[in-house]
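In what follows, a structure is listed as structure tokens, so that the remarks can point back to it.
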Amino acid sequence: MKRAILSTAYFPNIQYISKFVLYDEISIEQMDTYAKQTYRNRCLILAANGPLHLTVPIVKNFRTPVKDILIDYSEEWQKKQSRAILSAYKNTAFYDHYFPELEYFFVKKEKFLIDLNTKILDTLLGSIGISKSYKITDDYIKNPENTIDLRDKIHPKASKNTHDANFEPSEYYQVFSDRHGFIPNLSIIDLLFNEGPLTLSKLKET
């Protein structure tokens with residue numbers, strides 16, 4: 001039985017989602033202390049001008065457990081991000097098919113970041129065709145037994161993104177590849193909007 005534990009993530013990248021194919025059991029940490037500038041509240045998409053970070057603003061915190069992180073709605077970030085995704089992916093083959101399932105997250109105001117991320121993850125796994133369930137942690141265990149600890153191994157900063165021997169990005173069609181070349185390991189929505197039903201098979205190639 002292969003087990004792994006991940007941090008929570010906002011519209012997770014391809015590497016993150018690939019773990020749901022690779023491992024038999026997945027846990028998602030919610031009891032760790034929130035850290036800035038991680039995938040917990042941001043994702044990376046490919047826009048016309050190149051890679052673009054989308055960030056969920058949070059209420060300022062100090063040493064707050066992830067489960068208690070509140071989303072800040074003082075600015076209309078949902079509307080801005082929805083428009084950014086439309087601009088980036090409206091010409092992909094499968095945007096019209098999959099975005100209606102995701103539109104809810106740019107209208108509904110979830111109170112907690114962990115709830116937003118978990119509901120997004122459930123929707124994405126269903127769209128891809130991954131039926132594997134996962135657990136949300138109840139306690140923080142520094143060194144979980146018989147478990148691959150990936151909680152801070154998948155990181156937007158190259159200096160902190162630990163080499164992953166079990167992940168090798170597989171190329172696929174991207175709308176703006178003629179301008180920017182192939183950009184690996186973006187948010188899973190980049191793969192989903194571009195390749196649709198082939199997303200699962202592409203994940204198995206990584």
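Structure data summary
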quantity	calculated
Point-charge dipole on Cβ atoms (K/R +1, D/E -1) for the stretch 73-205, about Cα centre, debye to 20	320 debye
GNM flexibility winner over the chain from 182, 11, 193 (Cα, springs under 10 Å)	182
Label point distance in nm, residue 146-residue 164, each placed 7 Å from Cα along Cα→Cβ	2.4 nm
Local electrostatic count at residue 45 - Lys and Arg +1, Asp and Glu -1, tallied over other residues with Cβ under 14 Å	+3
Cα-based shape type of the stretch 3-205, given that a ≥ b ≥ c are square roots of the gyration tensor eigenvalues and the cut on a/c is 1.5	oblate
Environment charge at residue 122 (Cβ cut-off 12 Å; Lys +1, Arg +1, Asp -1, Glu -1)	0
Distance between modelled label sites at residue 101 and residue 119, nm, 7 Å Cα→Cβ extension	1.6 nm
Potential lengthening between residue 47 and residue 205 on full extension [0.36 nm per residue; Cα-Cα distance subtracted]	54.4 nm
GNM result for the chain, Cα springs below 10 Å: residue of 88, 158, 35 fluctuating most strongly	158
Charge-dipole axis of the chain as Lys and Arg at +1 and Asp and Glu at -1 on Cβ define it, positive-most pick from 64, 94, 140	64
DSSP beta bridges in the chain [antiparallel fraction, %, rounded to 5]	55 percent
Paramagnetic label zone (point 7 Å from Cα along Cα-to-C-beta, residue 63; backbone N under 17 Å) in the stretch 5-34	31-34
Relative contact order %, the stretch 1-152, counting alpha carbon pairs below 8 Å whose residues are six or more apart	34 percent
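FYI, it's all coordinate maths here, none of it is from the lab. Keep in mind that what you see is a predicted model, and the values were worked out from it rather than measured. Virtual Cβ from ideal backbone geometry, glycine too; neighbours counted across all protein chains shown.
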